[in-house]
Amino acid sequence: MAPPPRPRRWRPQRRDLAVYAAFLLTALWVTSRIWADPAGRVASLYSSDPAQVQFFLAHSVRVVLHGEFPFYTDQFNYPDGVNLMANTAILALGIPMVPITLLFGPAVSFVTLVTLGLAGTATAWYHVLSRHVLRTRAAAVVAGWFCGFSPAMLSHASWHPNIISQFLLPFVVWRVLVLTRSRRPLRDGALLALLVTAQAFINEEILLFAALGCGVFLLAVVVQRPALWARAWRPLGLGLAVCTVLAGALLAYPLYVQFAGPMAYHGLSDAVRDYGNDIAAFVTPGSATLGGNARANANLAPNYSEENAFFGWSLSLIVVGIVVWLRREPLVRALAATGLFFAVLSLGERISWWHRDLVAGPWELLVRLPLLDAVVPTRFGLITGVVVAVLLALAVDRAAALRVPDRRTRRTLTGAVLALALLPIAPMPLPVVPRPAVPEFITADRWREYVGPDQTLVPVPVPSMGNTHGMRWAAAANLDFKIPGGYFLAPRNANTGDPGKFGGRPSGLGDLLQQASRTGRAVRLDDRERRRSLDELRHWRAAIMVLPVGQPNAEPLRRTVEQVAGPGQRELDVWVWDVRALTDMPDPDAPRP
């Protein structure tokens with residue numbers, strides 16, 4: 001009698017493809033509500049960053065098709081412009097996305113980047129860990145899943161594709177570790193330099209986190225096993241020297257523009273410099289997860305887009321249990337020290353528990369150091385998140401190696417613990433709200449009848465951090481017209497080298513229109529305010545002012561603008577004020593020759 005056929009096992013390549021497909025499907029699930037209408041939906045609660053990213057995607061098109069300077073533009077915040085190297089213009093993401101941006105628009109490119117950022121990060125960690133660190137692919141799946149779809153990644157997904165696009169990060173970390181035992185440090189240092197250069201054009205902050213995380217981890221290993229340093233310091237030092245020279249040469253000019261070029265600034269705005277995690281954020285599920293509650297989390301993070309911890313009680317306790325269980329392993333102790341170190345730094349300048357200040361945090365001693373003065377401290381929690389993912393994976397790996405009589409029981413217990421840890425923070429579709437469509441006046445190119453190449457179209461209200469619709473208009477028109485204002489980081493009062501802040505020079509007209517938009521009441525302008533508003537329109541070289549008919553509080557806004565520019569004209573779905581005659585007029589108060 002012939003023996004029964006053995007069940008066919010998947011080849012490793014097929015298993016890998018199945019994992020990659022699962023990660024991609026999960027990313028599509030998370031972004032499904034945005035995919036339903038990319039141009040008409042945006043993440044709820046806060047919507048400025050997507051418009052900024054779409055503007056940067058349109059800028060990448062102009063870099064490729066028109067050869068525009070990639071690191072600075074005056075297409076917004078005209079005439080001062082914006083230092084794009086200092087504003088994370090995501091050139092390494094935007095340039096490959098040029099075909100999609102041209103064919104389908106920047107809104108589709110944005111959601112594509114978010115989807116690929118989540119899936120790509122999960123895939124990259126799975127690939128590196130399954131090949132070089134872990135014995136079992138199941139353990140690598142757990143780590144990849146958490147790295148790609150942790151509560152912190154879901155929080156940033158709605159706004160920051162540059163932060164969630166961490167698919168180079170595992171390769172950077174691995175190449176650093178390879179250098180500690182490399183026989184070809186020159187080659188390995190050069191490979192690391194290429195990865196570092198590419199990551200710098202995605203997000204420099206994440207690159208800095210990778211460097212800091214590797215440094216603290218290696219230090220924690222050496223403290224436990226000093227003998228390792230005797231073998232590692234020579235190849236590591238030589239490789240890092242090669243990396244520094246090569247990456248420094250490739251990035252020298254972009255970094256010069258960032259730190260010394262036009263509209264360069266030093267240090268972040270005070271509005272975000274003290275962003276820190278609440279201690280309770282580590283034991284609370286993220287808002288965009290199965291067990292999350294956005295209202296309950298409101299005071300535990302700086303805002304909804306910065307939930308950089310939020311592991312939940314069960315996962316936090318299980319991770320502590322893993323560290324206790326595997327405490328004899330130097331690798332686990334080094335990971336635990338690294339995760340704890342950055343968790344403490346992520347608490348910011350003031351340590352709080354359930355939004356009650358307790359004591360000053362260690363970040364208060366570091367916040368003014370070079371490079372660190374440009375870090376948002378709450379984001380150190382992203383490093384802790386990677387540590388948590390690797391600890392989970394190591395636990396699964398070690399559990400699979402346990403010698404127990406009943407493998408089925410072992411697998412059942414492992415699955416139950418993972419479910420307890422990960423189910424409360426399972427990813428859910430990102431919440432969205434509708435947003436106004438780009439006016440037909442813009443999409444039908446009617447604006448071209450008014451605006452010349454050295455003139456601006458002034459959206460009403462003037463674009464700012466809280467009102468970025470005008471930036472979406474410009475992006476939808478391939479940045480063919482310039483706008484004043486916008487959402488960006490710049491030196492205070494446009495003085496290059498000053499500390500950073502959100503927005504450009506103070507604008508009297510912008511403030512008046514913002515007041516009318518916010519209060520729903522027309523602002524009465526006196527003669528001085530009218531003259532100042534006209535001066536600003538001249539400074540902006542304004543050709544037209546445009547107010548969508550469906551803009552909230554459109555009527556008080558229209559009456560406010562009429563006091564400066566006279567009656568408007570209705571065209572399609574907007575009110576238009578042709579101010580070319582006003583902005584070309586000389587200032588009557590200006591001294592005459």
Checklist (1) part of a helix (DSSP H, G or I); (2) open to solvent by 30 Å² or more (accessible area, probe 1.4 Å); (3) of a type in the set (A, V, I, L, M, F, W, C) applied to F167, failing item: (1)
Unique match (being touching a helix residue (DSSP H, G or I) at 6+ places or on another chain (Cβ under 7 Å) and under 21 Å from A437 (Cβ atoms)) among F71, F76: F76
Residue check, A140 in a helix (DSSP H, G or I), modelled with pLDDT of 95 or more, among the aliphatic types (A, V, I, L, M) and under 30 Å from V319 (Cα atoms): yes
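Which residues, counting only those in the range 537-569, are of a type in the set (D, E, K, R) and more than 17 Å from V451 (Cα to Cα)?
E555, R558, R559, E562
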Residue list for the range 182-193, restricted to those being in contact with a helix residue (DSSP H, G or I) (Cβ under 8 Å, 6 or more places away or on another chain) and either open to solvent by 40 Å² or more (accessible area, probe 1.4 Å) or not acidic (D, E) (or both): S182, R183, P185, L186, G189, A190, L191, L192, A193
Matching residues in the range 282-336 - criterion: being β-branched (V, I, T) and free of Cβ contacts under 8 Å to residues at least 40 places away in the same chain: V283, T284, V320, V324
Residue in the range 199-208 that is in contact with a Leu (Cβ under 8 Å, 6 or more places away or on another chain), open to solvent by less than 60 Å² (accessible area, probe 1.4 Å) and not in a helix (DSSP H, G or I) present: yes
Residue list for the range 38-65, restricted to those being open to solvent by 50 Å² or more (accessible area, probe 1.4 Å) and either on the phi > 0 side of the Ramachandran plot or modelled with pLDDT of 95 or more (or both): L45, V64, L65
V272 being modelled with pLDDT under 95 and under 27 Å from the mean Cα position of the chain (by Cα): yes
Long-range neighbours under 6 Å by Cβ, at least six apart or interchain, first residue closer than 11 Å to N308 by Cα within the range 337-348, second surrounded by fewer than 24 Cβ atoms within 10 Å (Cβ to Cβ): L347/G361
Condition broken by W125, with the remaining ones in (1) open to solvent by 10 Å² or more (accessible area, probe 1.4 Å); (2) within 20 Å of Q199 (Cβ to Cβ); (3) without any contact (Cβ under 8 Å) to a residue 60 or more places away in the chain; (4) assigned to a helix (DSSP H, G or I) satisfied: (3)
Those residues of the range 170-181 which are open to solvent by less than 40 Å² (accessible area, probe 1.4 Å) and under 22 Å from the mean Cα position of the chain (by Cα), in sequence order: P170, V172, V173
Residue under evaluation G500, criteria (1) over 25 Å from V53 (Cα atoms); (2) in contact with a strand residue (DSSP E or B) (Cβ under 7 Å, 6 or more places away or on another chain), criterion not met: (1)
R273 being within 29 Å of S32 (Cα to Cα) and either without any contact (Cβ under 8 Å) to a residue 24 or more places away in the chain or out of contact with any Phe, Trp or Tyr (no Cβ under 9 Å at 6 or more places or on another chain) (or both): no
Number of positions in the range 9-35 that are among the small types (G, A, S) and closer than 21 Å to L290 by Cα: 3
Filter result for the condition that a residue is open to solvent by 30 Å² or more (accessible area, probe 1.4 Å), modelled with pLDDT of 95 or more and over 15 Å from the mean Cα position of the chain (by Cα), over P96, P106: P96
Sole residue being within 30 Å of H132 (Cα to Cα) and either surrounded by fewer than 20 Cβ atoms within 10 Å (Cβ to Cβ) or not basic (K, R) (or both), chosen from V388, V376: V388
Residue match in the range 348-370 (condition: open to solvent by less than 60 Å² (accessible area, probe 1.4 Å) and under 25 Å from F171 (Cβ atoms)): no
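The values are calculated or read from the model by the stated rules, or taken from the named source; none is laboratory data. If you're wondering where the values come from, they're calculated on a predicted model, not measured in any experiment. Don't worry about glycine lacking a Cβ; one is built from the backbone with ideal geometry, like all the others, and counts go over all protein chains shown. What goes into the accessible areas is simple: the full protein's heavy atoms, side chains included, and nothing from ligands, DNA or RNA. Shrake-Rupley method; radii C 1.70, N 1.55, O 1.52, S 1.80 Å.
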